[in-house]
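The values are calculated or read from the model by the stated rules, or taken from the named source; none is laboratory data. In this text, all values refer to a predicted model and were calculated from it rather than measured experimentally. Ideal geometry is used to build each Cβ from the backbone, glycine not excepted, and the neighbour counts take in all protein chains shown. For accessibility, only protein heavy atoms count, side chains too; no ligands or nucleic acids. Shrake-Rupley method; radii C 1.70, N 1.55, O 1.52, S 1.80 Å.
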There are 2 protein chains.
Amino acid sequence: MRVAPAQLDQLLHPVFDAASLKSLQLLTTGIAASPGAAVGRVAFSAEEAVEMAKKSPALLVRKETTPDDIAGMDAAKGILTAIGGKSSHAAVVARGMGRPCIVGAGEISIDEKGRKCTITSGGKTVTVKEGDWLSIDGTTAKVYLGQAKTSEPDTKSGVLAKFMGWADEFRGNFGVRANADIPRDALAARRFGAEGIGLCRTEHMFFAEDRLPFVQAMILAKDVKSRTAALKKLLPMQRSDFAGLFKAMKGYPVVIRTLDPPLHEFLPKREHLMVDLAKLPHATAAEKKEMSKAYSIPVSELKKRLPELLHRVEELHEFNPMLGHRGCRLGITYPEITEMQARAIFEAAAQVAKKGVKVIPEVMIPLIGSVKELEHQKSIVERVAKEVLAKADVSDLHYMIGTMIEIPRAALTADQVAEQAEFFSFGTNDLTQTTMGLSRDDYTKFSRQYEDLKIFAADPFGVLDQTGVGKLVDLAVKLGRKTRPDLEVGICGEHGGEPSSVEFCVKVGMNYVSCSPYRVPIARLAAAQARIGDSAEASRTK
Amino acid sequence: MRVAPAQLDQLLHPVFDAASLKSLQLLTTGIAASPGAAVGRVAFSAEEAVEMAKKSPALLVRKETTPDDIAGMDAAKGILTAIGGKSSHAAVVARGMGRPCIVGAGEISIDEKGRKCTITSGGKTVTVKEGDWLSIDGTTAKVYLGQAKTSEPDTKSGVLAKFMGWADEFRGNFGVRANADIPRDALAARRFGAEGIGLCRTEHMFFAEDRLPFVQAMILAKDVKSRTAALKKLLPMQRSDFAGLFKAMKGYPVVIRTLDPPLHEFLPKREHLMVDLAKLPHATAAEKKEMSKAYSIPVSELKKRLPELLHRVEELHEFNPMLGHRGCRLGITYPEITEMQARAIFEAAAQVAKKGVKVIPEVMIPLIGSVKELEHQKSIVERVAKEVLAKADVSDLHYMIGTMIEIPRAALTADQVAEQAEFFSFGTNDLTQTTMGLSRDDYTKFSRQYEDLKIFAADPFGVLDQTGVGKLVDLAVKLGRKTRPDLEVGICGEHGGEPSSVEFCVKVGMNYVSCSPYRVPIARLAAAQARIGDSAEASRTK
């Protein structure tokens, strides 16, 4: 009880060798967003980070990151951004990936085209060019020029393992799973003691360089036939991803969420297209070549196809993407997407099960607001599952179909939703956004004033707001179990790895929390301490 | 009980003279969005509609409308859009203004630059140019070429008045107010029997041509001093608006909401700026002149000031404006805005009260999620009110400070919110968006499939979703009254004029509904019928 769960962080991430830091120049300090030390050569774009990482360690430096940058963030050793706060895209994704990350380093001014940045601090200006070495410490938020030495955390001496063993004794049957999208993360999660995957975001696989063209073809398809053709190309890729996860998690459940983000996230940005289209009549050969590369359109066809592409992007443009055509709403308008994903899941499950590995898939439908949406998607998944398993002659495979609870209406009508759902998983990132009417990305614009005035008890995207959002969570657990007493309930939002939120999850009677692999030990300890607290309270009141 | 409240619509709006329609060509049919017949000359932009309306009746024809178009919509006799559904911006605003409106007329293809549109129906294509006459029927959704004759509704024979008198007898003390932003609408509301204003959106006044420059100056201000200077220019304008409303509503309460929309709504669109900036190096003199006009920047300064303007617009750009920096969040980061608005309200109140007119201002803080936000804003309003009333030597003026309940968290913590709020008004448009995680504007993209599959019982933006959103409303009324038994509770969302939703409001114990002036009689009848239903039920169960 004397060890604060967050302290474990120091034992889980690489740290700088103090001596090697002495010779390096401290350039600037930002906001600590994801712990650990990272050293790499600077890349100013996701593409460049991917290229650079093939040869030497890369460090991604961006003004801010967007979903397009996922591959680059994954390839880099660490991430540094000029703007954004602890709940910005960069911060959230980096924590999920276990990458050290500093955000909001406002003294950095990035010239993306010139492939350099300037850092002005204390009257001095330093220019850092692409390929230069930087060392960043995601725990202290300090940025150094040059190459520091890092030492890996000591996970081998057995001290941590022994300590975690004590914690697990008290944690009992309260589970800790990890959010992991690819086999590598799933294996890391197992090493940290995760008892399953609580959230696999299938769309993260869609952003991979070799897949994006097929995803785009699916989106740009003008009819069901050509969409189905594009989906067919994605099927084997998804199948092999899922097979990898099932293998890594042998015997433990794997929660796979069907496609969630709005489709325009997979297409070029509307404003970039508009600007390039405006420039096209006077564009130089070099500029045209760049456009051709950016949009995968031959130079000679730019004039014809750029407006067509923009037209489709305009069609998909949304005023509030967070509240738009995404989650199960996509699966309802394009049932063939859900069908392909269900097929990939169960073909992979059958394939792995036949090798004698126990497989427990839990298919999760996102963004449910009404039980009817779940009913619609569940019937597709069930039909495909039966068909695939019968064809593969696999009969003893146990699977579940459930839903995210991430919209207030789903929580308010959880008794109805539980008629169809075999499990609930609280997506508290989105549930916080909708319950508070507050966009995580946009909150950074005025969060400083809100923090100064102490409007919220803590950053609601870091620490679960128990008074508001928690009330809905508690209500939904109660309503859901009223309909289905054995309903499995977990959480897969960012809060699943935050100690006070984990304690709350234990108290409202959840079965497990799921968090990023690197926070699994923290969650294990926090859950154990919540249980100890509970029994202490119980014995006091006896 | 035999008259469905919606039937009253036929008695409240102008209709086409059947004979005069015979000679006109039916061009196309869209979606009926706001009832009544309108005749006017076509304008393809809001600016043109304003200009045209000075000489002859105008009809605004747009692909879709945005908040920028408010002045043009107001100037036009009717509105016709090519895209959008019953809950699109055009539909909602038109109903609020009582303007006949047809949306989603997909056969219309608009060439805004060429100032014409083509309508292709049944293989035939007709071109309509700016200034041509069109006649639209917002009840049947039919669009005719040419000038039909309209007849005004018969409100003078006294039949309607007599009938409404019967309704009011049964309605008892359940109030019906109107949403009105300007004195003219307030007077219309009184004619229809409104007993006060339930929502005055102060920002609608900000879009007026003579004010927008000052609003923009306020937004572009680099410090508090220059922002305060710009606000000073707006003060007398707001004061005279409010004085007009108080005069029109003599003795009835007027609920005035402080600034609500995100500030970027008042600035040029980001993507337009980006495109124009890309075009600038090769722009012709004519194009530069157009840009100069659009951004109020002299041609010679475009090169310098366009990037500056874009920079500020970028700073204000939001991923999800609906969940962003708006409502009370603006008043908290820029307290001087709330201060100016409070000053305008109470100076106007004092001025009108001194003329012997009874004035009841109710200041409403929007988008509250935590009681602390309300506390912050309330202290500003109270301070200014005391100061202004003392200075004007007005002592017996009764006013209230309350809040919108439009975010789930506000409903969930309504017991806390009521410690500060003297009244609640349910903003069920936004509360529906946040509770369902569904953007009204973006829902139109997939609403057809949702309607076909009957996912929701009815369009949730037209008919209050009693199962989900209604549960939060009911909870908030109970929690609020627990803290403050005499809490005044009303509704000011679109649903306040929809019969089944009005019935719900009566049942959960609200004090009043507020709706667009043209729906006031409908709400009066619906409330009366709800009361009759209640007492019938009560006597049955005796």
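At a glance:
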{"item": "Residue tally, condition open to solvent by less than 80 Å² (accessible area, probe 1.4 Å) and either within 11 Å of chain A (Cβ to nearest Cβ) or not basic (Lys, Arg) (or both), over the range B:298-319", "result": "13"}
{"item": "Tabulated pairs, the range A:167-178, first acidic (Asp, Glu), second in a helix (DSSP H, G or I) and at pLDDT 95 or above, C-beta under 8 angstrom, 6+ apart or interchain", "result": "A:168/A:524; A:168/A:528; A:169/A:528"}
{"item": "Only listed residue being in a loop (DSSP other than H, G, I, E, B) and open to solvent by less than 50 Å² (accessible area, probe 1.4 Å), chosen from B:230, B:208", "result": "B:208"}
{"item": "Condition check for residue B:357: of a type in the set (Val, Ile, Thr), more than 14 Å from chain A (Cβ to nearest Cβ) and open to solvent by less than 10 Å² (accessible area, probe 1.4 Å)", "result": "no"}
{"item": "Selection from the range B:458-494 of residues that are among the β-branched types (Val, Ile, Thr) and buried (at least 21 other Cβ atoms within 10 Å of the Cβ)", "result": "B:469, B:473, B:477, B:489, B:491"}
{"item": "Matching option when the condition is farther than 30 Å from residue B:181 by Cα and touching a residue at least 24 places away in the same chain (Cβ under 8 Å), among B:310, B:263, B:259, B:302", "result": "B:310"}
{"item": "Members of the range A:196-219 that are in contact with a Leu (Cβ under 8 Å, 6 or more places away or on another chain) and modelled with pLDDT under 95", "result": "A:202, A:203, A:206, A:211, A:214, A:215, A:216, A:218, A:219"}
{"item": "All positions within the range A:267-288 that are surrounded by 13 or more Cβ atoms within 10 Å (Cβ to Cβ), assigned to a helix (DSSP H, G or I) and of a type in the set (Gly, Ala, Ser)", "result": "A:278"}
{"item": "Filter result (assigned to a helix (DSSP H, G or I) and either closer than 15 Å to residue A:253 by Cα or among the hydroxyl-bearing types (Ser, Thr, Tyr) (or both)) within the range A:186-205", "result": "A:186, A:187, A:189, A:190"}
{"item": "Candidate set from the range A:400-444 (those that are part of a strand (DSSP E or B) and of a type in the set (Val, Ile, Thr)); member that is nearest to the other protein chains (Cβ to nearest Cβ)", "result": "A:405"}
{"item": "Single condition residue A:182 does not satisfy, out of (1) closer than 28 Å to residue A:46 by Cα; (2) of a type in the set (Val, Ile, Thr); (3) open to solvent by less than 10 Å² (accessible area, probe 1.4 Å); (4) under 18 Å from the mean Cα position of the chain (by Cα)", "result": "(3)"}
{"item": "Every pair of residues 6+ apart whose Cβ atoms lie under 6 Å, when the first sits in the range A:225-244 and is closer than 19 Å to residue A:197 by Cα while the second is open to solvent by 10 Å² or more (accessible area, probe 1.4 Å)", "result": "A:239/A:347; A:243/A:351; A:244/A:183"}
{"item": "Test result for residue B:535, surrounded by fewer than 24 Cβ atoms within 10 Å (Cβ to Cβ) and hydroxyl-bearing (Ser, Thr, Tyr)", "result": "yes"}
{"item": "Test result for residue B:256, of a type outside the set (D, E, K, R), touching a Pro at 6+ places or on another chain (Cβ under 9 Å) and more than 12 Å from chain A (Cβ to nearest Cβ)", "result": "yes"}
{"item": "Close pairs from the range A:434-456: first on the phi > 0 side of the Ramachandran plot, partner surrounded by 23 or more Cβ atoms within 10 Å (Cβ to Cβ) and at pLDDT 95 or above, Cβ under 7 Å, at least 6 apart", "result": "A:437/B:323; A:437/B:367; A:437/B:369; A:437/B:407; A:437/B:434"}
{"item": "Enumeration of residues in the range A:373-401 that are surrounded by fewer than 21 Cβ atoms within 10 Å (Cβ to Cβ), closer than 20 Å to residue A:426 by Cα and either acidic (Asp, Glu) or out of contact with any helix residue (DSSP H, G or I) (no Cβ under 9 Å at 6 or more places or on another chain) (or both)", "result": "A:375, A:400"}
{"item": "Residue list for the range B:445-474, filter: out of contact with any strand residue (DSSP E or B) (no Cβ under 9 Å at 6 or more places or on another chain), more than 10 Å from chain A (Cβ to nearest Cβ) and assigned to a loop (DSSP other than H, G, I, E, B)", "result": "B:458, B:459, B:461, B:462, B:463, B:466"}
{"item": "Residues that are open to solvent by less than 20 Å² (accessible area, probe 1.4 Å) and more than 21 Å from the chain's Cα centre (by Cα), drawn from the range A:334-353", "result": "A:340, A:346, A:348, A:349, A:350, A:352"}
{"item": "In the range A:481-534, residue farthest from residue A:248 (Cα to Cα) [restricted to those that are under 17 Å from the mean Cα position of the chain (by Cα) and charged (D, E, K, R)]", "result": "A:498"}
{"item": "Qualifying positions in the range B:320-331 - open to solvent by less than 10 Å² (accessible area, probe 1.4 Å), assigned to a helix (DSSP H, G or I) and either among the aromatic types (Phe, Trp, Tyr) or facing chain A (nearest Cβ under 7 Å) (or both)", "result": "B:323, B:329"}
{"item": "Verdict on residue A:430 being without any contact (Cβ under 8 Å) to a residue 40 or more places away in the chain, under 20 Å from the mean Cα position of the chain (by Cα) and farther than 22 Å from residue A:486 by Cα", "result": "no"}
{"item": "Some residue of the range A:13-24 being under 22 Å from the mean Cα position of the chain (by Cα) and basic (Lys, Arg)", "result": "no"}
{"item": "Some residue of the range B:289-297 being more than 10 Å from chain A (Cβ to nearest Cβ), in a helix (DSSP H, G or I), among the basic types (Lys, Arg) and open to solvent by 60 Å² or more (accessible area, probe 1.4 Å)", "result": "yes"}
{"item": "The range A:186-205, residues that are in contact with a Gly (Cβ under 6 Å, 6 or more places away or on another chain) and open to solvent by 50 Å² or more (accessible area, probe 1.4 Å)", "result": "A:195"}
{"item": "Selection count, the range B:406-457, where residues are among the acidic types (Asp, Glu), open to solvent by less than 10 Å² (accessible area, probe 1.4 Å) and closer than 27 Å to residue B:489 by Cβ", "result": "1"}
